[in-house]
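Novice: Next up is a structure, given as structure tokens.
The values are calculated or read from the model by the stated rules, or taken from the named source; none is laboratory data. Keep in mind that this is a model prediction, so the values were computed, not measured. Don't worry about glycine lacking a Cβ; one is built from the backbone with ideal geometry, like all the others, and counts go over all protein chains shown. Areas reflect the complete protein model, heavy atoms only, side chains present, ligands, DNA and RNA absent. Shrake-Rupley method; radii C 1.70, N 1.55, O 1.52, S 1.80 Å.
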Amino acid sequence: MKEKIELLYQMKLIRAAEMEISARYSNGKMRCPTHLSIGQEATAVGVCAALRKTDLAVSTHRAHAHYLAKGGSLRKMIAEIYGKETGCSRGRGGSMHLIDLDVGFEGSTAIVGNTIPVGVGLGLAISLAGDDRVSCIFVGDGATEEGVFYESVNFAVVRNLPILFLCENNQYSVYSGLSVRQPKGRVIHEMAQSLGLQSHYADGNDILAVKDVVQVAVQNIRNKRGPQFVELSTYRWLEHCGPNYDNHIGYREEAEFQAWKARDPVMLFEQALRTSGLLTDEMEHEIDARVRSEVEEAFQFAESSPFPDLSTVDHYIYKQVN
């Protein structure tokens, strides 16, 4: 019971934090573009619930949910978006460059597919160390069209590396749907299977289905059964980059959006917990109050934190090797 309530809390925290980013973005204090994952919370929380703290993860430009679900600090994330010295990247990286080595979140980046070879390198390091950790590489459906995806998968399969390729298929790459980017009839996880990966699929808006399928894949990896691929179908509610709704510009239909919104992963899980008797009104009010308090405190922390001193502009950019 406690585990499921914690999953709901994490999804609600991610949702509330990103809704607050959206609401405050026009104030002009956030020093970077933001790619929000409102509507995709179940994928991040479900995946990270199946990972250990010691497992490693890398992510994409849409990284907030992954960072928080892996154990990253909400205060440090918001401060980073504000460009403050107290941010997780000391204000140097912004929304798309989040990192927390203490919880195994090894970084995110703005370039599509850019962290795939990084995650493969982490998997190689784990393999050489001989332990049973896993390197989880979050990718979007668009990244499966990048050359580096195929090169990295091939290397991972040939070397039998402990890697989870985790594809969040939110149906769009910027403004282009799958139908104009990929051959008719292609199924991403089936394509991955043909490359030598053992592949799995789940409804990305069903958090328990996500957790279950990832647990199977991760256990396969720990049992030395080779790298695994998981495709999770989901949907982003807001624009590709920015805090607004953009259905009016014509690249997707309002009816499609409403159909996915009716399958809001947070709402679906709340309903399931209530039906099973695990969630009461009082418990939900406590969760919501906790979430509101943490989000407000994180923004206060970011607002009151200092900007990096100009004299340190070249610090923390490159690692010195003796």
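Novice: Of the conditions (1) of a type outside the set (Gly, Ala, Ser); (2) open to solvent by 10 Å² or more (accessible area, probe 1.4 Å); (3) modelled with pLDDT of 95 or more; (4) in contact with a helix residue (DSSP H, G or I) (Cβ under 7 Å, 6 or more places away or on another chain), Leu178 fails just one. Which one is it?
Specialist: So the condition that Leu178 fails would be (3).
Novice: Got at least one residue in the stretch 70-78 being farther than 28 Å from Val118 by Cβ and among the basic types (Lys, Arg)?
Specialist: Checked the stretch 70-78: no residue is farther than 28 Å from Val118 by Cβ and among the basic types (Lys, Arg).
Novice: Give the stretch 94-111 a look and list any residue that's in contact (Cβ under 8 Å) with a residue 60 or more places away in the chain and not polar (S, T, N, Q), or say none.
Specialist: The answer is Gly94, Met96.
Novice: Also: For the stretch 128-135, state whether one or more residues are open to solvent by 10 Å² or more (accessible area, probe 1.4 Å), in contact with a helix residue (DSSP H, G or I) (Cβ under 6 Å, 6 or more places away or on another chain) and in contact (Cβ under 8 Å) with a residue 24 or more places away in the chain.
Specialist: yes
Novice: Among the numbered criteria (1) open to solvent by 10 Å² or more (accessible area, probe 1.4 Å); (2) assigned to a loop (DSSP other than H, G, I, E, B); (3) touching a residue at least 60 places away in the same chain (Cβ under 8 Å), which one does Gln215 miss?
Specialist: Checking Gln215 against (1) open to solvent by 10 Å² or more (accessible area, probe 1.4 Å); (2) assigned to a loop (DSSP other than H, G, I, E, B); (3) touching a residue at least 60 places away in the same chain (Cβ under 8 Å), the one that fails is (2).
Novice: Let me ask something else about it. Which helices (runs of 4 or more DSSP H) does the stretch 1-110 wholly contain that include 3 or more residues that are open to solvent by 10 Å² or more (accessible area, probe 1.4 Å) and of a type outside the set (Phe, Trp, Tyr)?
Specialist: 2-24, 74-81
Novice: Right, something else. Taking the stretch 165-209, which residues are part of a strand (DSSP E or B) and among the acidic types (Asp, Glu)?
Specialist: Matches in the stretch 165-209: Glu168, Asp203.
Novice: Going by what's in this entry, would Arg225 be described as modelled with pLDDT of 95 or more and either surrounded by 15 or more Cβ atoms within 10 Å (Cβ to Cβ) or not in a loop (DSSP other than H, G, I, E, B) (or both)?
Specialist: Values: modelled with pLDDT of 95 or more: yes; either surrounded by 15 or more Cβ atoms within 10 Å (Cβ to Cβ) or not in a loop (DSSP other than H, G, I, E, B) (or both): no.
It is false that Arg225 is modelled with pLDDT of 95 or more and either surrounded by 15 or more Cβ atoms within 10 Å (Cβ to Cβ) or not in a loop (DSSP other than H, G, I, E, B) (or both).
Novice: Tally the residues that are part of a helix (DSSP H, G or I) and open to solvent by 50 Å² or more (accessible area, probe 1.4 Å), restricting the search to the stretch 273-312.
Specialist: Going through the stretch 273-312 one residue at a time, the tally reaches 17.
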